[in-house]
Amino acid sequence: MTTNEESTDIQIVKPVVYDDIEGIEELSKQYDNDKRYNSILVSQMVAEFMMNNKHKYSDLDYWVLVPNTDPKYVVRDAKGAIVGVRSLINYGKLK
């Protein structure tokens, strides 16, 4: 498309391919030292990655939980911003 206005090019880049999760080594060390915890709360994107790569995280015997941001389950403030959730989604166990 040609216009009289100065145009800017939109840079097209390849998507970032993640092969690990930041902080997972620290989580493994914490788990080794303290077996009281049996769940982790992560974003949906991280949960899907972890569940699709269970072989990498099989040493972590955690349930993977995600905040349920379905409109029926969110808690909003007076401005409409999400301030909490009423439930969590259980993605399953890593082991």
Report the calculated FRET efficiency for ASN53 and LYS14 (r = Cβ-Cβ distance, R0 = 35 Å), to the nearest 0.05. 0.95
Suppose each label sits 7 Å from its Cα in the direction of the beta carbon; what would the THR69-LYS93 distance come out to in nanometres? 2.9
Summing -39500 (n - 2.57) over the DSSP H runs of n ≥ 4 in the chain and dividing by its residue number, what mean residue ellipticity at 222 nm do you reach, to the nearest 500 deg cm²/dmol? -6000 deg cm²/dmol
Where both residues lie in the chain, what percent of DSSP beta bridges are antiparallel, nearest 5? 75
Does anything in the stretch 32-68 have its amide N under 16 Å from the 7 Å Cα→Cβ label point of ARG86, and if so which residues? 67-68
Gyration tensor (Cα) of the stretch 24-93, equivalent ellipsoid semi-axes in angstrom: 27, 13, 10
Given contacts defined as C-alpha pairs under 8 Å and at least six residues apart, what's the relative contact order of the stretch 24-93, whole-number percent? 30
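Read-outs: derived from the displayed coordinates by stated rules, not from any lab. It should be emphasised that the depicted structure is a prediction, and the values quoted were computed from it without experimental measurement. Quick reminder, even Gly has a Cβ in these numbers, built from the backbone with ideal geometry, and neighbours come from all protein chains shown.
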